[in-house]
Amino acid sequence: MTFTPIIAFACVAATFAVGDYIALKTKGVVSTFITAIVVFILFGSVLKLFPGNMVDLSGLSSIIPTFGMTLILTNLGSTLDLNELKKEWRTILVSIAGVGGIVVLGFTLGQLLFGREYALSAIAPIAGGIVATMISGDAANAANRPDIAAYTAAVMAIQMLIGLPIASFCLRKSAARYISRGLHKTGASASGKQLSLRIIPPTPKSLNSPTAHFARLAIAGALAQALANLTGINATICYLAVGLLAAATGAVEKNSLKLAGGDGVMLLATYAYCTTSFLTMTFSQFAAILIPVIGMLLIGAVGVMLLSSAMGLLFHWDPFLSIAVGLSCMLGYPVTYAVAMEVVNGATADGGYSEGEVQNLTNQFLPKMLIAGVASVSVVSVVLAGMISPLIFA
C-alpha cells in the first residue's frame, strides 16, 4: 500500500484514538503513550506496515517546531488561575520541592548509575507531562539522538505506573489521619480577597470566532518570543508568563486553543511528535531502555518523597499528604482528580459522614492535588525542560 499523507494521518490518529480508549478504560494506568509505543513498534519496525517517516508524511511533525510550540506554551500560561495559585501557595511550594528532589537525585545518583544523557533527559519528563517531554525530545532529535527522544517518551508513558500506587497509598493514610483527628468536622477557613487584573472586557460576540482567538493567541506568543529575544530570558518562561498575563488582563481568553477549536489537532501533533522514534525501534531496543527508564523513575520518586515531605514539615503538614502532593507531577490531570476523589469516596464509604463532612474532606485533598499537578506539570517541569535541555548533550 502506498502511504499518502491522509492515510498516514489516519493511521496516527487511529493509533492515539485506541490509546485514549484504553487509557479511559484503565483509569489512566495504561496511558495513551504506552499503547502508541506498542502499536508503533509492532506495525512499524516489526511488521513494516507503517513507514518510518509516517509522522512526517502526515504533516503533524511540522506543526510543533514551526508555530505549535509557541501556541501551546502561551495557551498553557493562559489556563493558570492567579487566585487558585495564591490560595494554595503552600501546595505549590511542596510541589516545587518535590520537583527539586527529582533534580537533585537526577543530577547525582541518576548520572552515577545511568550516565549524563539518560539522567538529564529524564528529569523534566519525570517532573511533568507531554510538553516537558516534547522539549526534552526535541533536544535529543536536534542532537541526532532519536534513541534518547524515544527514551524520554517512554519515561512519560510509564511514570504513572510508579507514581500512582505511591500517591494513592499516601493519600489514603493522610485521609485516615485527618479523620482520626476529627478535622473533617471543621474544614478549612474561607479564602481571602479575590485578585483580578482584568482591564479588557469579555470578548464581544462579533469577535468570538476561531480565527480571532487564534490571532490573539498568536500575537501574545509573538510578543513573548520577542521578549525572550530582547532579554535573554528562557523562552519557555516568557511564553508562560505572557500567556498568564494576557489571560488575566483579558487580552486573550483562557484556553484560547480550545475556544478556537485547535486543541485537538495540537494535542495529536504533540503526541505524534513525541513518539515518532518508536516507528523504527524494535521491541528488543525498547526493552533495553526500560532499565534506565524504571531506574530513573524510582530515583525521581525517592527524590520527590524526600524533599516534598521536608518542605511539608515547615507547614506542619502530614508527611503522607506532602508526598502525595509532590507525586502529582507523575500523575497530571485528570488522574490527580480521580485519585483524590477515590480516596475521599473510599474513606467515607461506610456512610457515617454528613454531606458537610464529605465536602470538608474533598476540600482538604482535591484542590491540593489539582493545583500541585498544574504547578508541576504545566509550569515547573516546562521551565525545567527549557533549562536542562541545552545541558544534556553539551
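The values are calculated or read from the model by the stated rules, or taken from the named source; none is laboratory data. The model shown is predicted, which means the values in this text are computed figures rather than measured ones. Positions of Cβ are backbone-derived with ideal geometry, glycine not excepted, and every protein chain shown enters the neighbour counts.
Can you find, within region 62-81, the residue that is surrounded by the fewest Cβ atoms within 10 Å (Cβ to Cβ) among those that are among the hydroxyl-bearing types (Ser, Thr, Tyr) and touching a residue at least 12 places away in the same chain (Cβ under 8 Å)?
Looking at the filtered set, the residue picked out is Thr79.
Before we move on, is Val46 surrounded by 21 or more Cβ atoms within 10 Å (Cβ to Cβ), over 30 Å from Ala228 (Cα atoms), more than 19 Å from the chain's Cα centre (by Cα) and touching a residue at least 60 places away in the same chain (Cβ under 8 Å)?
no
For residues that are more than 21 Å from Ala340 (Cβ to Cβ), among the small types (Gly, Ala, Ser) and more than 20 Å from the chain's Cα centre (by Cα), tally how many sit in region 296-319.
Residues in region 296-319 being more than 21 Å from Ala340 (Cβ to Cβ), among the small types (Gly, Ala, Ser) and more than 20 Å from the chain's Cα centre (by Cα): 1 in total.
For Asp20, indicate whether it is under 17 Å from Cys274 (Cβ atoms) and under 17 Å from the mean Cα position of the chain (by Cα).
yes
Answer with yes or no whether Arg177 is out of contact with any helix residue (DSSP H, G or I) (no Cβ under 6 Å at 6 or more places or on another chain) and more than 24 Å from Tyr337 (Cα to Cα).
no
Return the pair list, or none, for Cβ contacts closer than 7 Å from residues in region 82-100 that are closer than 22 Å to Gly300 by Cβ and in contact (Cβ under 8 Å) with a residue 60 or more places away in the chain to residues that are of a type in the set (Val, Ile, Thr) and in a helix (DSSP H, G or I), at least 6 apart or on different chains.
Correct list of pairs: Thr91/Val325; Thr91/Ile371; Ile92/Ile371; Val94/Val325; Ser95/Val325; Ile96/Val380; Gly98/Val304; Val99/Val380.
I want to confirm something. Restricting to region 208-219 and keeping residues that are of a type in the set (Gly, Ala, Ser) and in a helix (DSSP H, G or I), which single residue is surrounded by the fewest Cβ atoms within 10 Å (Cβ to Cβ)? Don't jump to the end; show me each part of the working.
Step one: of region 208-219, the residues of a type in the set (Gly, Ala, Ser) are 209, 212, 215, 218.
With in a helix (DSSP H, G or I) added as a condition, the list becomes 212, 215, 218.
Values: Ala212: 17, Ala215: 15, Ala218: 17.
Filtering region 208-219 for residues that are of a type in the set (Gly, Ala, Ser) and in a helix (DSSP H, G or I), the one surrounded by the fewest Cβ atoms within 10 Å (Cβ to Cβ) comes out as Ala215.
Return the total of residues in region 234-259 being of a type in the set (A, V, I, L, M) and more than 15 Å from Leu73 (Cα to Cα).
Result for region 234-259: 3.
Considering only region 320-335, I want to know if a residue exists there that is farther than 15 Å from Ser168 by Cα, more than 21 Å from the chain's Cα centre (by Cα) and modelled with pLDDT of 90 or more.
No - not one qualifying residue is present in region 320-335.
What single numbered condition from (1) more than 25 Å from Leu164 (Cβ to Cβ); (2) without any contact (Cβ under 8 Å) to a residue 12 or more places away in the chain fails to hold for Ser277?
Condition not satisfied by Ser277: (2).
Among the helices (runs of 4 or more DSSP H) confined wholly to region 55-134, which include 3 or more residues that are in contact with a Cys (Cβ under 8 Å, 6 or more places away or on another chain)? Give the derivation first.
Values: elements: 69-78, 82-87, 89-105, 111-114, 116-127.
The qualifying helices (runs of 4 or more DSSP H) are 89-105.
Can you list residue pairs whose Cβ atoms sit under 6 Å apart, with the first residue in region 342-361 being within 17 Å of Arg181 (Cβ to Cβ) and the second being outside any helix (DSSP H, G or I)? Count only pairs 6 or more apart in sequence or on different chains.
From residues that are within 17 Å of Arg181 (Cβ to Cβ), the pairs are Val358/Thr348; Asn360/Gly187.
Taking the criterion of being modelled with pLDDT under 90, of a type outside the set (A, V, I, L, M, F, W, C), surrounded by fewer than 24 Cβ atoms within 10 Å (Cβ to Cβ) and closer than 26 Å to Ala385 by Cβ, would at least one residue in region 274-286 satisfy it?
Checked region 274-286: at least one residue is modelled with pLDDT under 90, of a type outside the set (A, V, I, L, M, F, W, C), surrounded by fewer than 24 Cβ atoms within 10 Å (Cβ to Cβ) and closer than 26 Å to Ala385 by Cβ.
Look at region 372-387 and say how many of its residues are within 15 Å of Ser308 (Cβ to Cβ) and over 8 Å from the mean Cα position of the chain (by Cα).
3
Gly59 passes all but one of (1) more than 15 Å from Thr275 (Cα to Cα); (2) surrounded by fewer than 16 Cβ atoms within 10 Å (Cβ to Cβ); which number fails?
In the conditions (1) more than 15 Å from Thr275 (Cα to Cα); (2) surrounded by fewer than 16 Cβ atoms within 10 Å (Cβ to Cβ), Gly59 misses (1) alone.
Could you run through region 142-157 and say how many residues are surrounded by fewer than 19 Cβ atoms within 10 Å (Cβ to Cβ) and in contact with a helix residue (DSSP H, G or I) (Cβ under 6 Å, 6 or more places away or on another chain)?
Residues that pass the stated criteria total 1.
Filter region 220-279 down to the residues that are in a loop (DSSP other than H, G, I, E, B) and not hydrophobic (A, V, I, L, M, F, W, C), then identify the one that is nearest to Ala10 (Cα to Cα).
Gly262
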